[in-house]
Every structure is written in C-alpha cells, then in structure tokens.
1. Condition first: part of a helix (DSSP H, G or I), farther than 20 Å from residue 90 by Cα and modelled with pLDDT of 95 or more. Now tell me which residues in region 34-59 satisfy that.
2. Within region 100-119, count every residue that is closer than 18 Å to residue 35 by Cβ and buried (at least 21 other Cβ atoms within 10 Å of the Cβ).
3. Please state which of the following conditions residue 154 fails to meet, knowing it meets all the rest: (1) loosely packed, with under 14 Cβ neighbours inside 10 Å; (2) modelled with pLDDT under 95.
4. Out of 23, 31, I need the residue that is assigned to a helix (DSSP H, G or I) and modelled with pLDDT under 90. Which one?
5. Restricting to region 94-115, what's the tally of residues that are touching a helix residue (DSSP H, G or I) at 6+ places or on another chain (Cβ under 8 Å), outside any helix (DSSP H, G or I) and closer than 15 Å to residue 17 by Cβ?
6. Let me confirm something: among 66, 79, 74, which residue is farther than 20 Å from residue 18 by Cα, free of Cβ contacts under 8 Å to residues at least 40 places away in the same chain and in contact with a helix residue (DSSP H, G or I) (Cβ under 9 Å, 6 or more places away or on another chain)?
7. Scan 66, 133 and give me the residue that is part of a helix (DSSP H, G or I) and more than 13 Å from residue 50 (Cβ to Cβ).
8. Look at region 121-130 and say how many of its residues are in a loop (DSSP other than H, G, I, E, B) and either over 21 Å from residue 98 (Cα atoms) or in contact with a helix residue (DSSP H, G or I) (Cβ under 8 Å, 6 or more places away or on another chain) (or both).
C-alpha cells in the first residue's frame, strides 16, 4: 500500500506491506507500487516513510519477483540523490529479499520492539556457522546493538517519533530548528548528505 499524508504539517509519502497477503511477499505488482511511491516522493519532494513486513520475494511468480530487489534499491538510490529523507519502520517479521534490498537503506531506521529482522532463518545460520546464537538473535534489540537499527519505538509512539525526526531533518515545526533557522538555509538532511 502506498499513500500520501501529513504528519505535523509535513507532507509525506508512505508505504507498507501487508503480511496477511501471501506472507508479505513481493512480486512485480508490489515492486511497482513501491517504486511508484518513491517516484511520488521525489516528484513532490516529500519524505518517504515505509513499514516493511514480509518474508521476501514471491519466487513462485518467476524471477521477475527477484528483480524487484534491484528495482526498489535503484529507486531508493534516486530518492537519496534528491536529498529526500527515507525512514524505515520495521514491523514483525521482516526477512529475506526485503531486508536484502530497500528496507535496510533507510536514513533513519526504527523498529517495533522484538520485531524479527533477518535475511536467512535462524536455523539455517546456526547450521552454517555451527555455533550457538544469542537468544535475541535477529530481534530488533539485537539488530540495534549491531548498528542496523537506530531506535526501538512502540507502535503507539511512531507518529510522534516520525514527526520529531522529520521536523529536525527538514527544519520544520521544531523548537530546535527555530533556534537554528537563522544560521543556515539548508536543511539538516542536506548538510548531512553533503558530509557523507
């Protein structure tokens, strides 16, 4: 699902994957929807906020499903070239080709508590490395410890957190940014992009 909306006076383009539909898997239609949403964000200079959830690519629909990993990643790269913020909000579970492509490319990555965030399954990894894995392996808190998630946020607090982050990044509707607004005309996001 792709939608447009407003958070604290900031227009955004948002997207989500419904895990209840074939395990949240991605094939050509879903890939096209995500790319269309990203293009809408670029065309309207809106931040892109996405809630991934699913097991990966829907390979029963042919390798075209696998191609969506590349297509969505390239679309996110275009978003970044335009200095448009991309916030990812991981929900439970998110795995496979979703984490191996666009979902791990957020400028800021949030996750709901205890969400599964993985590529391969725990048993597959354990059999490969032949070691015991931590109890919380592939859970949001562990992924945060490893540096792949910035904040763990309860679902009920997501709107406020996303609003605060966007206000700071875009220098809008924030006391912090009001104090800084005389110092520079660039958004914090543009300054950060130039530094990287």
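The values are calculated or read from the model by the stated rules, or taken from the named source; none is laboratory data. In this text, all values refer to a predicted model and were calculated from it rather than measured experimentally. A quick note on method: Cβ atoms are made from the backbone with ideal geometry, for glycine too, and the neighbour counts reach across all protein chains shown.
1. If we filter region 34-59 for residues that are part of a helix (DSSP H, G or I), which is where we start, we get 34-44, 59.
When the remaining residues are screened for being farther than 20 Å from residue 90 by Cα, the result is 36, 39-40, 42-44, 59.
Correct list: 36, 39, 40, 42, 43, 44.
2. Taking region 100-119 as the starting set, the residues that turn out to be closer than 18 Å to residue 35 by Cβ are 100-106.
Okay, now just the ones that are also buried (at least 21 other Cβ atoms within 10 Å of the Cβ), so 101-103, 106.
Of the residues in region 100-119, 4 are closer than 18 Å to residue 35 by Cβ and buried (at least 21 other Cβ atoms within 10 Å of the Cβ).
3. It is condition (2) that residue 154 fails.
4. Numbers: 31 fails: modelled with pLDDT under 90.
Criteria check complete, one pass: 23.
5. Narrowing region 94-115 to residues touching a helix residue (DSSP H, G or I) at 6+ places or on another chain (Cβ under 8 Å): 94, 97-98, 100-102, 105, 107-108, 110-115.
Then drop every residue that is not outside any helix (DSSP H, G or I), which leaves 94, 100-101, 107-108, 110-115.
After this cut, where a residue has to be closer than 15 Å to residue 17 by Cβ as well, the list is 94, 100-101, 111-112, 115.
So the answer is 6.
6. Values: 66 fails: farther than 20 Å from residue 18 by Cα; 79 fails: free of Cβ contacts under 8 Å to residues at least 40 places away in the same chain.
Checking each option against the conditions leaves just 74.
7. Working: 133 fails: part of a helix (DSSP H, G or I).
Step by step, each of 66, 133 is checked, and only 66 is part of a helix (DSSP H, G or I) and more than 13 Å from residue 50 (Cβ to Cβ).
8. Residues of region 121-130 in a loop (DSSP other than H, G, I, E, B): 121, 130.
Checking which are either over 21 Å from residue 98 (Cα atoms) or in contact with a helix residue (DSSP H, G or I) (Cβ under 8 Å, 6 or more places away or on another chain) (or both) leaves us with 130.
The number of residues fulfilling the criteria is 1.
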